[in-house]
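The values are calculated or read from the model by the stated rules, or taken from the named source; none is laboratory data. Just so it is clear, the structure is predicted and the values come from calculations on it, not from any experiment. Backbone-built Cβ (ideal geometry, glycine too); neighbour counts: all protein chains shown. For the accessible areas, the whole protein counts, side chains as well, though only heavy atoms, and no ligand, DNA or RNA atoms are used. Shrake-Rupley method; radii C 1.70, N 1.55, O 1.52, S 1.80 Å.
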Amino acid sequence: MDLLAAVAQSRKAFEQALAGGVVDTFDDRSLLVYKAIKEYYGIDANATCVDYDIIQDRVFKAHPKHKAIFSAIIERIKEPVSIPNILAEINNAKKQDVKDRLASACTVHGNEEKILQLIEEYKTYVRANDDSCESITVYSGTSVSDILSARSNEHTIFLLPKSLNIAAGNSVLRKHHILFFARPDAGKSTLGINLTAGFLRQKLKVLYVGNEDPPQDIIMRMMTRITNRTEKEVAEDPELTERLLAERDWDKFIFVELTPGTPRELEALMDEHRPDVLIVDQSRNINMKEDNRVMQLEKVEAFIRNLGKQYNALTISFTQAGASAEGKLVLELTDVDYSNTGMAASADLMVGMGTSIEYTQNGERVLTCVKNKMSGGSKEPFKIRMDHRYNRVS
């Protein structure tokens, strides 16, 4: 019951319980209340805890003959519990599960790759209980001037096109995580290329991790964007293209192809290159070694966000929108493929890109910030235009 109380009182506990698979420990009636809690968090991505009256009303309507039983459960989960201790118990349970699987894997000859993956998974749970506090930064007695300086124009990162930067409140900083989602072939890579061009203008180093399109295609498209020359013009005068690229900080653009990539590989790349910006196109392909597809998508977004915090970088990931977004201009949180709760929880800014047949023919798209925690940010949809000759978005 304490675990059920924790997930009701803390979104963080809910997400860790969901990711940890410990909800299987609930009895049938507690599981029904848990499902109502999960629905609540799914509808409101910004909710940090549940509204008990709403949960009770939904459970009562679904099971009117058992109001007394569910009323007692809901009254019980209102009682305060120690969230940190319950999170530690969840983590310890997962750590033991990995240890058991690791012990089993070590008995099988030729199982080295699986063993390495389990060791990496085990390390994530060990870090969660690490008493060394290496990942903790304490702010005490911080001055107003220090905070204003950290959020000044000198430290903010500009997003291109300008309309996207305005929607983000002109306040994107390192350690922020941005998630874009759209239907296949809607123009996610074009948007990523255009964002990269903006970062290079600011003399920022960009690590662009691709696992969808052939690397030669992305790199050529990046060249056309940086030099403002079509592919034909690039081919006709490669020497001029080389000079233009050299003048425009081409050496700060690092493209890495992963097939499809693992968290260990991403972390190694960040450690090697130390970029200002990490772009993952697409995050949904990163192999998290998780059987549950929803859990896989949620874990990879959380992992990318944590990489940004660890390496003081802006992180951006691209993923798919589900079938509900087909032909839809203004996307919603529920249009993201598979997960609309855990993935959103990892993002400071979550942007859906919608289109229709007419808009696609005109080179237009609609961006909607379905989640926007940026200071002064907006959730109002706005139109952008794509010029595929130069891979430019305006």
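Odds and ends about this structure:
- Selection status of residue 104, open to solvent by less than 80 Å² (accessible area, probe 1.4 Å), farther than 26 Å from residue 9 by Cα and not aromatic (Phe, Trp, Tyr): yes
- Close pairs from segment 40-59: first more than 14 Å from residue 9 (Cα to Cα), partner of a type in the set (D, E, K, R) and open to solvent by less than 50 Å² (accessible area, probe 1.4 Å), Cβ under 7 Å, at least 6 apart: 45/371
- Scanning segment 240-299 for residues that are in contact (Cβ under 8 Å) with a residue 60 or more places away in the chain, within 15 Å of residue 121 (Cα to Cα) and not in a helix (DSSP H, G or I) gives 262, 286, 289.
- Residues of segment 216-239 that turn out to be in a helix (DSSP H, G or I), crowded, with 17+ Cβ neighbours inside 10 Å and of a type in the set (Lys, Arg), as a count: 2
- Residues of segment 189-215 satisfying the condition of being assigned to a loop (DSSP other than H, G, I, E, B) and farther than 20 Å from residue 231 by Cβ: 202, 203, 204, 205, 211
- Some residue of segment 265-275 being open to solvent by 10 Å² or more (accessible area, probe 1.4 Å) and within 13 Å of the chain's Cα centre (by Cα): no
- Pick from segment 301-350, criterion assigned to a helix (DSSP H, G or I), closer than 11 Å to residue 181 by Cβ and among the aliphatic types (A, V, I, L, M), ranking: farthest from the chain's Cα centre (by Cα): 325
- For segment 225-234, a residue qualifies if it is touching a strand residue (DSSP E or B) at 6+ places or on another chain (Cβ under 9 Å) and in contact (Cβ under 8 Å) with a residue 60 or more places away in the chain, and the qualifying residues are 225, 228.
- Test: residue in segment 342-365 that is open to solvent by 10 Å² or more (accessible area, probe 1.4 Å) and touching a Pro at 6+ places or on another chain (Cβ under 6 Å): no
- Every listed requirement among (1) touching a strand residue (DSSP E or B) at 6+ places or on another chain (Cβ under 7 Å); (2) open to solvent by 10 Å² or more (accessible area, probe 1.4 Å); (3) among the polar types (S, T, N, Q) is met by residue 317 save one, (2).
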